[in-house]
């Protein structure tokens, strides 16, 4: 594939490419106190990647593992909205790279699906005391070259896929980063200038299973309902047999058939 133009890299955003780290999020938070502005940290190999709720993240050679570390404005709620900014940016960056070779969608809150399978995951971790978020690490993993085996995922979860397996396209991690960084800058600027509403509208336009029945699980609590959208905080809106409910955090499962 052709190399993206490097002059589109966002101004005043650092770029660090490392051969090997334990976790790009961990490395980002270690570097945060010494950084003068936002920075992307890409690792060619990540030895101890992690996903949401303490799960491990498989990271074979050729896959994408990167973290954007920044100092967000506002409190934890404002920082959480950057999860949707990251999802939009990744969706659009991948769309630019793969073109018509695959069908992309967003699974709440921030997974990118390719042809119905899970291509990527995003994990936010913060540093700070009390309500103050001193630094936010937005970790992004993408199965560019290979996906985990189906047996490695929990029952009912969306099947993992890789970009190469679904499209036969080979995209290098650095190539994706060069498209992702300006895409994130675009959507972050929208959030800072106009608030969450443009982000919400754009995210819903790309949402998987909107208007369909899905299942949200938080611990032992299972909630089934029609996926109506997200509210101004990014919480999931479901219409259930008991009426409309808002769910701020959950694992989402799709009903098949």
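Here is a check on your reading of the model: is residue 82 surrounded by 17 or more Cβ atoms within 10 Å (Cβ to Cβ), within 11 Å of the chain's Cα centre (by Cα) and assigned to a strand (DSSP E or B)? Walk me through how you get there before you give the answer.
On the way: surrounded by 17 or more Cβ atoms within 10 Å (Cβ to Cβ): yes; within 11 Å of the chain's Cα centre (by Cα): yes; assigned to a strand (DSSP E or B): no.
The answer is no for residue 82.
Consider segment 85-109. How many of its residues are assigned to a loop (DSSP other than H, G, I, E, B) and crowded, with 21+ Cβ neighbours inside 10 Å? Break it down stepwise before answering.
At the first step, the residues of segment 85-109 found to be assigned to a loop (DSSP other than H, G, I, E, B) are 102-103, 108-109.
Narrowing the set further to residues that are crowded, with 21+ Cβ neighbours inside 10 Å leaves 108-109.
Adding up the residues that qualify gives 2.
With 105, 87 as the choices, which residue is over 10 Å from the mean Cα position of the chain (by Cα), modelled with pLDDT of 95 or more and closer than 22 Å to residue 249 by Cβ? Show your work before the answer.
On the way: 87 fails: over 10 Å from the mean Cα position of the chain (by Cα).
Sole residue among the options that is over 10 Å from the mean Cα position of the chain (by Cα), modelled with pLDDT of 95 or more and closer than 22 Å to residue 249 by Cβ: 105.
Taking the criterion of being on the phi > 0 side of the Ramachandran plot, surrounded by fewer than 19 Cβ atoms within 10 Å (Cβ to Cβ), in the same structural domain as residue 23 (by TED's automatic domain parsing) and outside any strand (DSSP E or B), would at least one residue in segment 126-144 satisfy it? Quick ask: steps written out before the conclusion?
Of the residues in segment 126-144, the ones on the phi > 0 side of the Ramachandran plot are 128, 130.
After this cut, where a residue has to be surrounded by fewer than 19 Cβ atoms within 10 Å (Cβ to Cβ) as well, the list is 128, 130.
When the remaining residues are screened for being in the same structural domain as residue 23 (by TED's automatic domain parsing), the result is 128, 130.
Still in the running and outside any strand (DSSP E or B): 128, 130.
Checking segment 126-144: at least one residue is on the phi > 0 side of the Ramachandran plot, surrounded by fewer than 19 Cβ atoms within 10 Å (Cβ to Cβ), in the same structural domain as residue 23 (by TED's automatic domain parsing) and outside any strand (DSSP E or B).
Go through segment 1-55 residue by residue and tally those that are at pLDDT below 85 and over 17 Å from the mean Cα position of the chain (by Cα).
Pass one, segment 1-55, residues at pLDDT below 85: 1-7, 47-55.
This time we only want the ones that are over 17 Å from the mean Cα position of the chain (by Cα), so: 1-7, 47-48.
The number of residues fulfilling the criteria is 9.
The values are calculated or read from the model by the stated rules, or taken from the named source; none is laboratory data. Quick caveat, the model's predicted, so the values are computed rather than measured. Here the Cβ is made from the backbone with ideal geometry for all residues, glycine too, and neighbour counts use every protein chain on show.
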